[in-house]
Each structure stands twice: as C-alpha cells, then as structure tokens.
1. Which strands (runs of 3 or more DSSP E) does the range 191-304 wholly contain that include 2 or more residues that are surrounded by 13 or more Cβ atoms within 10 Å (Cβ to Cβ), under 19 Å from the mean Cα position of the chain (by Cα) and not charged (D, E, K, R)?
2. Looking only at the range 34-64, count how many residues are of a type in the set (S, T, N, Q), part of a strand (DSSP E or B) and either more than 22 Å from SER116 (Cβ to Cβ) or in contact with a Ser or Thr (Cβ under 7 Å, 6 or more places away or on another chain) (or both).
3. Collect the residues in the range 100-134 that are assigned to a loop (DSSP other than H, G, I, E, B), of a type in the set (Gly, Ala, Ser), without any contact (Cβ under 8 Å) to a residue 40 or more places away in the chain and closer than 17 Å to PHE52 by Cα, keeping them in residue-number order.
4. Residue by residue through the range 64-109, note down the ones that are within 22 Å of ALA123 (Cβ to Cβ), at pLDDT 90 or above and over 19 Å from the mean Cα position of the chain (by Cα).
5. Being buried (at least 24 other Cβ atoms within 10 Å of the Cβ), within 9 Å of the chain's Cα centre (by Cα) and in contact (Cβ under 8 Å) with a residue 40 or more places away in the chain is the filter here; which residues of the range 154-169 pass it?
6. Every residue in the range 120-147 that is surrounded by fewer than 22 Cβ atoms within 10 Å (Cβ to Cβ) and more than 22 Å from LEU68 (Cβ to Cβ), please.
7. Got a number for residues in the range 49-63 being out of contact with any Leu (no Cβ under 9 Å at 6 or more places or on another chain) and at pLDDT 95 or above?
Amino acid sequence: MPHSYLFSSRYILLGFFCLFLAGCLSAQAPLAGNETVRGVLHGELVWQGDIFVAGDVVLADDVRLTILPGTRVRFMPPDTGPDELVKHPNFFGNELIIQGKVYAVGTYSEPIIFESFDPAAPAGAWGAINIEGSQEAVFEYCIFRQADSAVHSRDSQVYIEQSIFENNLVAIRFHSSEILIEHNLLRNNRTGIRFHFGSPVICENEFRDNNVNLFITSYPRDYHIENNSFGLPTEYHVAFGEEVPEDVLLPRNFWEYSESVSPDDFFYDGRRSPYLGRVLLEPLRMLPSTQAGPSTPAGSPWNP
C-alpha cells in the first residue's frame, strides 16, 4: 500500500494542529513538572517537565493531550496506584491508556522520554502506552525504554517517527491499526515490532541487537515494509506465529547475517515448519539505506 496514499494528509493535519496550539497555549497552562497523574483524565491537556504516572491512567476519548519537548513521562512502581488492568490487551505495570488524541512531538535536542521512575529498572518495569480507538496518536523524537510493550495500538491511527526504542520487552505492538513506523531506531529489545492484521507502513528503520526484529503473529494484510536495516539479532530476523500460512513479501530491506550461522536459521517460517508461509526477501538491499534510523534536521544520525 503506497506510503503517500495512506499518510499524505498527516502533515496537513499537523499543520492545522500547530496553528491551533499556538492560539491556545497561552490560555491552557501546562502541568509545570513534578506532577503526578492518576485516574481518568478529560479535556485539553498539556504536559511539561517531569510527569509521574501512578496506576493505570486513562485519557478519555474527549482528551487532546500535547506533550511538549523535553518532557519526561516517568512510570511509578505498581504499588503507587491501582493496577487493575493486567490481562491482555493490558499489561502488568502502570500504563497510559489513550482513547483520545495525543501529540508527543519532541525535537532532536529535547526529546520526550517515556521511562520507569527507576533508571536501573529492567525491561517490563511499566506496562505500555496503550492506544485504544484513537483517531490520531503522534510520536516524534521520543525515547521509550523499560516497558513491557512501549507502544501498543488497537483500532487506532498512529504515527511513530524519528524515535528510539530501547530495553523494552516489545518496542511496538499493534493490530487492526493504520500505523506509520518510519525513521526509528529499535535496539536491545526482546522483540522490535510485533503485529497481526493492521495496515502498517514500516520503512527506513534501523533494528539493532534485538532478540527478534520482527514477529508477525497472524494473517498480515495491507503491509508495506521496505528500506529497513535489520541488524544482527540474537535469535531471529523474522518469526511467524501459528496463523501465518501465506508467504510474506519483505523486499528491498537490508539483512545482516553471521558468518557462523546459516542465513535460513534467522527466519522462523516455512523454512522450519511446513504449515507456515515463507519470508520472501528478493530483491535484497546489499547495503543499508543511508536514511534508516532517526536523524537531525541536517540529516545526520540522531543516536543519543
């Protein structure tokens, strides 16, 4: 599915949003930092500084949340608030459950950071940014770390660009969503991207040092995945779940291999089980795209 067809209106929408924001920020005072959010939130919200998430915080469907550059959203331990939603599609640990709209647009010099309150906490220390039926969720120049599933989307329209996902159990997880994942770095996660169904555009990303780069669990449809740089994983470049009986087309990507391991061993697909389809790689990129991963406005890599 063409990238421009799905998402060409995105920048027009952001332009209108920026005009709206310029007119209303003077009247809408942001949370000034060192603020704790909990429970169900409504209305026009602006976050700035250090924001602490206690328990499962729901942003209701009337919310329009703007997170300003340099903000740190820090997820407290579960005992600081009620963690009532722990079964899939939710996760153990504190979450942001977004039913309204969110615009988290940082800059390369002032990224927005989503992380555990404890800088030494392992992956899975907090639950997820759980996006449920949102008409628009935008993340640019953000850093996500230490989550179970850093961004988890269902039935939503999501844009994730110029961001870094590191030290999560799953970096990006979704189904039944229109989602753009472009110019991101996904490193040191147990799984980079996990999905089924949905209409993803996944282009110009860099995958590095993940256990599994791409996990497709069932029946992928309307996907467009190319010009990514898949660095050497510890287990698989691509793994299929039990409900992927058809071949999956992944042309024009770069795949790194180890001289000591057969290339086929990096794919858990029809190469290992006759009941699964196969990853079709041709034509291959012989070199990584110079555009893969996040960048500064000048075009050089952004890798804090």
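The values are calculated or read from the model by the stated rules, or taken from the named source; none is laboratory data. In this text the structure is predicted, and so the values were computed from the model without any measurement. No Cβ is skipped: glycine too gets one built from the backbone with ideal geometry, and neighbour counts run over all protein chains shown.
1. 191-196, 199-203, 212-218, 224-226, 236-243
2. Going through the range 34-64 one residue at a time, the tally reaches 0.
3. Hits for the range 100-134 are ALA120, ALA121.
4. Hit for the range 64-109 is MET76, nothing else.
5. SER163
6. ALA120, ALA121, PRO122, ALA123, GLY124, GLU132, GLY133
7. 4
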